[in-house]
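Everything on this sheet refers to the single structure shown next.
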């Protein structure tokens, strides 16, 4: 089987599929609260992106297109059929790239802190470029410390370390291979046109923490304006990673969306 996937099938053969994909420097464990909340009603496929988690040995390049090919390969080899898709940050970009190309694979999209390939996100792009430079010059550990202790998308987690389980999140980050930051070969450029998004008929939920970065809010507003079938939600008190920071609230929003639409 393809490297980098975990199946949770407690719900049985007739249950719908829900695929979950993490963000940069994370892995499938970032969705642990969602596994516990959804495993009785959905069969779950947790995907680790190349260079991360159980897919850490997959070689680069590590761009959105290469990660999309990995997601496609996992879906093909697991043969799960049409799936609900839930992702955060980099995972959303990967899912959107595949959804505009092969929409028949998806029943719905649930996007946290969404990223659109080719859409300008100045702070995010600068912060990740700095992390990559630090990883090459001073090591992956130094880059991870800079991101966790300085990046604005972790502000809420740092300010509320017990409630938002900051230490557990740091333990996930510490296991990141760093390969996407140290890879010598440049990935293929990726972008999605507004026309492609406007043609996509997949029911979509876009949500952010109410204290999320301007970059992510801008992407969410753009998706709300362009997608033909989209709902938007804001998670009170949350920052860059609402599903990790306040999982009870996020899970309730997602369950409501899925129950109303399916």
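The numbers here are math on the coordinates, done by the rules we state, and not lab data. If you're wondering where the values come from, they're calculated on a predicted model, not measured in any experiment. We place every Cβ from the backbone using ideal geometry, glycine too, and count neighbours over all the protein chains shown.
For the pair residue 57 and residue 185, label points projected 7 Å from Cα toward Cβ lie 1.8 nm apart. Reported value for segment 1-140: 109 Å³ per residue, from the convex hull of its C-alpha atoms.
For Cα pairs less than 8 Å apart in space and 6+ apart in sequence, what is the mean separation divided by the residue count of the chain, i.e. the relative contact order in percent? For the chain, the relative contact order is 21 percent. Per-residue ellipticity at 222 nm from helix content only, as computed over the chain with -39500 (n - 2.57) for each DSSP H run of at least four residues, stands at -13000 deg cm²/dmol. With a Förster radius of 30 Å applied to the C-beta separation of residue 123 and residue 13, the computed FRET efficiency comes to 0.10. Computing FRET efficiency as 1/(1 + (r/R0)^6) for residue 158 and residue 260, where r is the C-beta to C-beta distance and R0 is 41 Å, gives about 0.75. Each DSSP beta bridge with both residues in the chain is either parallel or antiparallel, and the antiparallel ones are about 15%.
Across all C-alpha atoms in the chain, the radius of gyration and Dmax reach 17.0, 51 Å. For the modelled label position 7 Å from the Cα of residue 104 along Cα-to-Cβ, which residues of segment 64-94 have backbone nitrogen atoms closer than 19 Å? Residues 69, 71-85 fall inside that zone. Cβ-Cβ distance of residue 168 and residue 248, R₀ of 22 Å, FRET efficiency by 1/(1 + (r/R0)^6): the value works out to about 0.90.
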